[in-house]
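Novice: Take this structure, written in structure tokens, and hold onto it; I'll ask about it next.
The values are calculated or read from the model by the stated rules, or taken from the named source; none is laboratory data. The shown structure was predicted, so the numbers you read here are calculated from the model rather than taken from an experiment. Positions of Cβ are backbone-derived with ideal geometry, glycine not excepted, and every protein chain shown enters the neighbour counts. Only protein heavy atoms, including side chains, enter the accessible area calculation; ligands, DNA and RNA are left aside. Shrake-Rupley method; radii C 1.70, N 1.55, O 1.52, S 1.80 Å.
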Amino acid sequence: MPGPSLVLILNCGSSSLKFSAIDPADGAEFLYGQAEALGTSAARLKWRQHNEEGDEQLSPTDDCESIIEALVGRFAESWSHLRERLMAIGHRVVHGGEHFADSALINTKVLSAIRNCCELAPLHNPAALQGIQASLTAFPQLPQVAVFDTAFHQSMPDYAYLYALPYSLYRDHHIRRYGMHGSSHRSIAERGAQLLKTPTDKVNIISAHLGNGASICAIKGGQSLDTSMGLTPLEGLVMGSRCGDLDPGLLLHLGEALDYSLAELELLLNRKSGLLGISELSNDCRELEEAMAKGHAGARLALNIFCYRLAKYIAAYTVPLKRLDALVFTGGIGENSSWVRRKTIDWLSPLGYQLDAERNEKIRFGAEGRISRIGTPDIFVIPTREDWVIARDTARLAAKAQ
């Protein structure tokens with residue numbers, strides 16, 4: 001029986017929990033699962049382990065804590081062969097503020113810092129804390145590591161992360177841009193460098209992580225130079241149910257003219273806007289593309305706005321990089337939607353971008369490769385492996401703890 005060599009990764013969100021068991025040495029996945037639609041009657045738990053798969057109904061009352069308790073039971077029984085191979089547990093945490101420029105072994109100080117960042121990521125950090133506490137109870141003997149989405153972006157220069165607000169707000173209250181999806185953008189920088197046969201510390205990439213949450217990152221010399229998300233995950237691109245960039249005066253207008261409360265504004269911006277708000281149909285890109293094909297005007301408008309905003313950011317991020325080696329699409333939409341990629345690149349044709357139509361249609365659903373025409377600026381699709389980044393960081397810090 002092999003010794004401990006796997007990292008259990010837990011990614012707790014406001015309505016989902018993803019988990020996997022990864023070998024940090026080569027990225028091999030031995031277990032993957034997801035509990036989705038938590039808190040609703042549609043809540044389900046799906047998993048696969050080697051050739052076995054499971055799909056079962058969950059209770060609307062199930063949350064991250066109860067699901068982790070159920071997973072512990074499975075590790076004690078049907079997954080006992082994996083339980084014996086676990087060396088550590090890694091937790092994805094969205095917001096670490098300025099506290100963390102790297103991942104960290106979890107202790108009371110780290111937990112306190114994560115808690116202090118809850119107001120900056122209200123949909124994510126509280127859920128992550130719940131998952132961490134449940135995991136500490138369930139696996140008390142294993143080292144546990146927090147891997148922060150914001151850590152990768154701590155390399156941004158002050159002219160990129162500061163808002164044009166009174167400096168005292170930054171000095172006294174740490175109001176600044178932080179960015180998210182750091183593990184994904186870091187994964188793309190490393191894999192992109194391999195495909196380009198360039199050292200990571202020499203590669204310049206624009207990474208577009210497109211999913212229900214979406215962000216873009218200008219990566220220079222393998223490090224984050226600028227990114228579209230800000231103090232919170234609301235800034236930047238249009239997302240599934242988040243608005244992205246807007247005029248701050250709009251919020252004042254909604255409060256004064258339409259009597260919106262702070263709670264109503266938070267709900268509007270985080271949960272009722274984006275693709276969902278524009279289309280008045282869905283936050284799911286797949287559903288919108290299907291509806292657009294059937295003539296749904298709202299779906300077409302939502303997707304057009306999504307691609308237009310994305311293209312503007314890509315064009316803007318060529319400025320700080322000066323030299324660009326590749327544009328990379330990743331994330332659920334970026335990896336799978338050939339329509340979104342084609343529409344976005346259409347907007348960028350003045351910069352010389354051209355798609356290979358056949359390759360754009362072919363490279364989807366886990367495939368990787370170049371989708372641009374030969375002789376034009378490089379465009380790649382690269383499936384994100386943020387889970388592998390989390391596993392490697394967890395193994396590195398767990399080794400130091402022993």
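Novice: Report whether or not residue 235 is open to solvent by 40 Å² or more (accessible area, probe 1.4 Å), in contact (Cβ under 8 Å) with a residue 12 or more places away in the chain and closer than 22 Å to residue 340 by Cβ.
Specialist: yes
Novice: While we're here: Provide a single number: the residues in the stretch 25-59 that are assigned to a loop (DSSP other than H, G, I, E, B), in contact (Cβ under 8 Å) with a residue 12 or more places away in the chain and farther than 17 Å from residue 6 by Cβ.
Specialist: Counting residues in the stretch 25-59 that are assigned to a loop (DSSP other than H, G, I, E, B), in contact (Cβ under 8 Å) with a residue 12 or more places away in the chain and farther than 17 Å from residue 6 by Cβ gives 8.
Residue-by-condition table, conditions (1) of a type outside the set (Ser, Thr, Tyr); (2) touching a residue at least 60 places away in the same chain (Cβ under 8 Å); (3) closer than 18 Å to residue 123 by Cβ; (4) buried (at least 21 other Cβ atoms within 10 Å of the Cβ):
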| position | (1), (2), (3), (4) |
| --- | --- |
| 152 | yes, yes, no, yes |
| 207 | no, yes, no, yes |
| 222 | yes, no, no, no |
| 225 | yes, yes, no, no |
| 228 | no, yes, yes, yes |
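Novice: Within the stretch 67-90, does at least one residue satisfy the condition of being buried (at least 18 other Cβ atoms within 10 Å of the Cβ), outside any strand (DSSP E or B), touching a residue at least 24 places away in the same chain (Cβ under 8 Å) and under 22 Å from the mean Cα position of the chain (by Cα)?
Specialist: yes
Novice: So, in the stretch 30-43, of the ones that are over 19 Å from the mean Cα position of the chain (by Cα) and modelled with pLDDT of 90 or more, which residue ends up least open to solvent (accessible area, probe 1.4 Å)?
Specialist: Among them, the one singled out is 31.
Novice: Follow-up. Quickly run through the stretch 5-17 and pick out the residues that are touching a residue at least 40 places away in the same chain (Cβ under 8 Å) and open to solvent by 40 Å² or more (accessible area, probe 1.4 Å).
Specialist: Passing the criteria: only 14.
Novice: Within the stretch 332-351, identify whether any single residue is crowded, with 20+ Cβ neighbours inside 10 Å and part of a strand (DSSP E or B), and answer yes or no.
Specialist: Checked against the condition, which is being crowded, with 20+ Cβ neighbours inside 10 Å and part of a strand (DSSP E or B), the stretch 332-351 yields no hits at all.
Novice: Restricting to the stretch 240-266, name every residue that is surrounded by 14 or more Cβ atoms within 10 Å (Cβ to Cβ) and free of Cβ contacts under 8 Å to residues at least 12 places away in the same chain.
Specialist: Listed by number, the residues that qualify are 255, 260, 264.
Novice: On the basis of being in contact with a helix residue (DSSP H, G or I) (Cβ under 7 Å, 6 or more places away or on another chain), at pLDDT below 95 and closer than 19 Å to residue 15 by Cβ, does residue 275 make the cut?
Specialist: So residue 275 fails the test.
Residues are listed down the side, and each one gets a yes or a no for (1) touching a Lys or Arg at 6+ places or on another chain (Cβ under 9 Å); (2) more than 27 Å from residue 44 (Cα to Cα); (3) modelled with pLDDT under 90:
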{"site": "66", "(1), (2), (3)": "no, no, yes"}
{"site": "73", "(1), (2), (3)": "no, no, yes"}
{"site": "78", "(1), (2), (3)": "no, no, yes"}
{"site": "81", "(1), (2), (3)": "no, no, yes"}
{"site": "88", "(1), (2), (3)": "no, no, no"}
{"site": "119", "(1), (2), (3)": "no, yes, yes"}
{"site": "129", "(1), (2), (3)": "yes, no, no"}
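Novice: Next question. Return yes when residue 102 is assigned to a loop (DSSP other than H, G, I, E, B), in contact (Cβ under 8 Å) with a residue 24 or more places away in the chain and farther than 19 Å from residue 121 by Cβ and no when it is not.
Specialist: Considered against the rule, which asks whether it is assigned to a loop (DSSP other than H, G, I, E, B), in contact (Cβ under 8 Å) with a residue 24 or more places away in the chain and farther than 19 Å from residue 121 by Cβ, residue 102 comes out as no.
Novice: In addition: Looking only at the stretch 217-250, count every residue that is closer than 23 Å to residue 322 by Cβ and outside any loop (DSSP other than H, G, I, E, B) and tell me the total.
Specialist: Matching residues across the stretch 217-250 total 9.
Novice: Taking only the stretch 157-182 into account, find how many residues are in contact with a strand residue (DSSP E or B) (Cβ under 6 Å, 6 or more places away or on another chain) and surrounded by fewer than 24 Cβ atoms within 10 Å (Cβ to Cβ).
Specialist: The total comes to 1.
Novice: For residue 389, state whether it is modelled with pLDDT of 95 or more, crowded, with 17+ Cβ neighbours inside 10 Å and not in a helix (DSSP H, G or I).
Specialist: No: the conditions fail for residue 389.
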